[in-house]
Amino acid sequence: APILSVQTVSKHYGKLCAVNQVSFQLGSGFHALLGPNGAGKSTLFQLLTGLFAPDQGEIHLNGISIRHELPQALAQMGVVFQQPALDLDLSVQANLDFYGRLHGMNKANIRTRSHAALTQLEIAEVSPTPCRHLSGGNRRKVELARALLTEPKLLLMDEATVGLDPASRATLLSYVQRLCREQGLSVLWATHLIDEAEAADQVLVMHKGKLLAHAPPAALIAQTQ
Ligand code: ADP
Ligand code: ADP
């Protein structure tokens, strides 16, 4: 059974069809959602996270309906948004505590999972550091650690490397690849950068609201030659 199932989903803003009859299914692995600005990637993410309901179509996460059982679906989802969403005045651990409590985790579990996630990302030592004092790359890693706190089945990352230097971009990408390999996570990674899509197991190409292709990167490159 797929982890994520999107069936003929559409979303309009007035007359503009931002997501146009999009269907796909994802298993575990690293999936890039590639498309230029305005392709509909952010709108699709807003539908996946239940921020808007689609005008048409259904979305299921592990068989759970986003439309009818949103809290249960969100419990299996981790999200890293384009806009940083850490409280910069609080320590890394305090940010993780807050997120864990929001998700109904107890303190012991939050601390165990925080330590595991920060260790996985090789930043265990920043736990007491105020987020304000972290580099951009480490802030992104903390956001990723936070998204992983609840052990999601699906991780959504919306242009997560925007504003990072090339080395930090590559590091973040390789951590996410490893998580997919080692934990059977399904990642949907929105980007407008071809080189990031080339690192994925599968690429979903979006343009003007439509899903144009869903294939391994090598197959897409072969098509254009
Ligand atoms: P992407 O994330 O790929 O850049 P978006 O989903 O942000 O694409 O945008 C898809 C299209 O929908 C664009 O033409 C954009 O201008 C339009 N759009 C996005 N959000 C809104 C909104 N809230 N109201 C009206 N139009 C919107
Ligand atoms: P992205 O391309 O990543 O979606 P944008 O700068 O296009 O980033 O959009 C940022 C925010 O503004 C999003 O929440 C999007 O829904 C909204 N937005 C985008 N285009 C429009 C638009 N034409 N009218 C109103 N809101 C928009």
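The values are calculated or read from the model by the stated rules, or taken from the named source; none is laboratory data. These numbers come from a predicted model, not from an experiment. Please note: Cβ atoms are built from the backbone with ideal geometry, for glycine as well, and neighbour counts cover all protein chains shown.
Going by the conditions given, is Q93 under 30 Å from S135 (Cβ atoms) and either within 16 Å of ligand 2 (Cβ to nearest atom) or part of a strand (DSSP E or B) (or both)?
Details: under 30 Å from S135 (Cβ atoms): yes; either within 16 Å of ligand 2 (Cβ to nearest atom) or part of a strand (DSSP E or B) (or both): no.
Against the criterion (under 30 Å from S135 (Cβ atoms) and either within 16 Å of ligand 2 (Cβ to nearest atom) or part of a strand (DSSP E or B) (or both)), Q93 does not qualify.
Of the numbered conditions (1) at pLDDT below 95; (2) at positive phi; (3) within 16 Å of ligand 1 (Cβ to nearest atom); (4) not β-branched (V, I, T), G209 fails exactly one; give the number of that condition.
Condition (1) is where G209 drops out.
So, of the residues in the range 20-51 that are of a type in the set (A, V, I, L, M, F, W, C) and near ligand 1 (Cβ under 9 Å from one of its atoms), which turns out to be nearest to V162 (Cα to Cα)? Working first, answer last.
Here is the first cut: in the range 20-51, the residues of a type in the set (A, V, I, L, M, F, W, C) are 22, 24, 26, 30, 32-34, 39, 44-45, 47-48, 51.
Restricting the remaining residues to those that are near ligand 1 (Cβ under 9 Å from one of its atoms) gives 33, 39, 44-45.
On the way: L33: 15, A39: 17, L44: 18, F45: 16 Å.
The selected residue is L33.
Report yes if P36 is assigned to a loop (DSSP other than H, G, I, E, B), within 10 Å of ligand 2 (Cβ to nearest atom) and either in contact with a Lys or Arg (Cβ under 9 Å, 6 or more places away or on another chain) or not aromatic (F, W, Y) (or both), otherwise no.
Working: assigned to a loop (DSSP other than H, G, I, E, B): yes; within 10 Å of ligand 2 (Cβ to nearest atom): yes; either in contact with a Lys or Arg (Cβ under 9 Å, 6 or more places away or on another chain) or not aromatic (F, W, Y) (or both): yes.
Here the answer is yes, as P36 does meet what is asked.
For the range 52-65, what are the residues that are within 16 Å of ligand 1 (Cβ to nearest atom) and at positive phi?
Of everything in the range 52-65, just one residue is within 16 Å of ligand 1 (Cβ to nearest atom) and at positive phi, namely G57.
Could you list, in sequence order, the residues of the range 179-225 that are of a type outside the set (V, I, T), touching a residue at least 12 places away in the same chain (Cβ under 8 Å) and assigned to a helix (DSSP H, G or I)?
Within the range 179-225, L179, C180, E196, A197, E198, P217, L220 meet the criteria.
List the residue pairs whose Cβ atoms are under 7 Å apart, where the first residue sits in the range 8-35 and is free of Cβ contacts under 8 Å to residues at least 40 places away in the same chain, the second is assigned to a strand (DSSP E or B), and the two are 6 or more positions apart or on different chains.
Q25/L4; Q25/S5
Could you tell me whether V80 is buried (at least 17 other Cβ atoms within 10 Å of the Cβ), closer than 30 Å to V126 by Cβ, within 16 Å of ligand 1 (Cβ to nearest atom) and among the aliphatic types (A, V, I, L, M)?
When the stated conditions are applied, V80 passes them.
For the range 1-19, what are the residues that are in contact with a strand residue (DSSP E or B) (Cβ under 8 Å, 6 or more places away or on another chain) and either within 10 Å of ligand 1 (Cβ to nearest atom) or among the aromatic types (F, W, Y) (or both)?
K11, H12, C17, A18, V19
Pick from the range 1-33 the residues that are among the small types (G, A, S) and more than 10 Å from ligand 2 (Cβ to nearest atom): which of them is nearest to R178 (Cα to Cα)?
Just the residues of the range 1-33 that are among the small types (G, A, S), to begin with: 1, 5, 10, 14, 18, 23, 27-29, 32.
Among the residues that remain, those that are also more than 10 Å from ligand 2 (Cβ to nearest atom) are: 1, 5, 10, 23, 27-29, 32.
Working: A1: 22, S5: 23, S10: 32, S23: 27, G27: 16, S28: 12, G29: 10, A32: 15 Å.
Looking at residues that are among the small types (G, A, S) and more than 10 Å from ligand 2 (Cβ to nearest atom), I get G29.
Between a residue in the range 156-171 that is within 16 Å of F45 (Cα to Cα) and any residue that is at pLDDT below 90 and within 16 Å of ligand 1 (Cβ to nearest atom), which pairs come within a Cβ distance under 7 Å, given they are 6 or more apart or on different chains?
D158/F81; D158/Q82; E159/Q82
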